[in-house]
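Below is one structure, written out as structure tokens, with a few remarks after it.
The values are calculated or read from the model by the stated rules, or taken from the named source; none is laboratory data. Because the structure is a prediction, the values reported are computed rather than measured. Methodologically, a virtual Cβ is constructed for each residue, glycine included, from the backbone with ideal geometry; neighbour enumeration extends over all protein chains shown. Ligands, DNA and RNA are stripped out before the accessible areas are found, and what is left, the full protein with its side chains, is counted by its heavy atoms. Shrake-Rupley method; radii C 1.70, N 1.55, O 1.52, S 1.80 Å.
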Amino acid sequence: MDAMKTVLVIDDETATLTMFRLFLNAYGYSVITAENGETGLQLVREHRPGIVFTDLKMPGMDGFEVLRRIKKIAPTTEVIVISGHGDMDQVIRALNLDATDFINKPISRSALDAALKRAEARVGAERTNGASIEVDILSGVAIISIRNTLTGQHKSMLMASLRRALDSDAAGIVIHFDNYSAVNGAGIALLTRLLSEAKTQGTQVCIAGLSENFNTIFNMVGITRVAPCVDRLETALSFIDKNATA
């Protein structure tokens, strides 16, 4: 069984497991399912799936404990948590435990498709080159480009990129995530520190490219009060230009 194309779904609701199996089979994945955390962990040990979906609210071992143990067994496995609509506090807690994405119930096919594309891209990229952070100066704006998953391990790289951006005397900074990027809890803390330092220097910052999911999280934790989040790099550059000349 190809781990890259194997997905494990852990949920105590039979209807949810059936829905995932139908959708994922249609996408060409090999699907294994578990109705509780203990069985799910055993399947992780046996199959080492590239992607795991786990519900957060389950009787017995909940999704948070499942997440903790998966990351000990298979640290590179992409874990996407399934949450109830509006349970952002729980999602943030899961991100702090190294989940890299989330999907809300009731689950739509479009949301599932987007989460799978992001996860599969990260699985392939992180097993080859790891996360990448680069700095470019474009039209007087410093662009910090982030690819894959931003975690606490990238502290030195991210802060060095910030220092280079600030030393460039750019009009502002755009933090640009590619289409498949994610940010775990430690990564959110790093971004908060970056924004604090940029604010101290009087430098305008805008964030571009993150998924709607992460825009929601950034809004909840207060990041968007310091740096607005927009869809496209061009929109972020325009924002910096407008505010630099205001």
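With each label modelled as a point 7 angstrom along the Cα→C-beta vector, the Thr192-Ser132 pair spans 3.0 nm.
Rounded to the nearest 10 degrees, the inclination of helix 37-47 to the longest alpha-carbon principal axis of the chain is 80 degrees. Here segment 122-239 carries DSSP beta bridges of which approximately 30% are antiparallel, counting only pairs with both residues inside.
Calculated mean residue ellipticity, 222 nm, the chain: -14500 deg cm²/dmol, from DSSP H runs (n ≥ 4) at -39500 (n - 2.57) each, averaged per residue and rounded to 500. Ordering 26-32, 39-45 by mean Cβ neighbour count within 10 Å, with the highest value first, yields 39-45, 26-32. Within the set Lys71/Lys199; Lys5/Lys72; Lys199/Lys242; Lys57/Lys105, which residue pairs have Cα atoms separated by over 23 Å? Flagged as over cut-off: Lys71/Lys199.
Inverting the pair-averaged 1/r between distinct Cα atoms of the chain gives 18.7 Å as its Kirkwood hydrodynamic radius. Dipole check for segment 1-156: with +1 at the C-beta of Lys and Arg, -1 at the C-beta of Asp and Glu, and the Cα centre as origin, the magnitude is about 340 Debye. With protein chains left intact and a 1.4 Å probe, residues in the chain average 45 Å² of accessible area per residue.
Surface composition of segment 87-177: carbon and sulfur atoms hold 47% of the protein heavy-atom accessible area at a 1.4 Å probe. In vacuo Debye scattering of segment 112-225, one point per C-alpha: log10 I(q)/I(0) at q = 0.11, 0.23 Å⁻¹? After summing over all Cα pairs, the log10 values are -0.34, -1.40.
For Arg21 and Arg232, what does the FRET efficiency come to when R0 = 30 Å and r is the distance between their Cβ atoms, rounded to the nearest 0.05?
FRET efficiency, Arg21 to Arg232: 0.25.
Angle, helix 212-221 long axis vs. longest principal axis of the chain, Cα atoms, 0 to 90°, nearest 10? With both axes taken from Cα atoms, the answer is about 70 degrees. Taking amide H positions as modeled 1.01 Å from N, with prolines and chain starts lacking one, the residues under 5 Å from Ala182 and 5 or more places away or on another chain are Asn148, Thr149, Leu150. In this structure Arg21 has an accessible area near 90 Å², from a 1.4 Å probe over the protein heavy atoms. Backbone amide hydrogens, once placed in the peptide plane, bring Ile80 within less than 5 Å of Val52, Phe53, Thr54, excluding anything fewer than 5 places away on its chain. Axis of helix 109-126 versus longest Cα principal axis of the chain: the two differ by about 70°, to the nearest ten degrees. With no solvent and one point on each alpha carbon, what is the Debye value of log10 I(q)/I(0) for segment 1-113 at q = 0.18, 0.21 Å⁻¹? Those come out to -0.83, -1.17, one per q.
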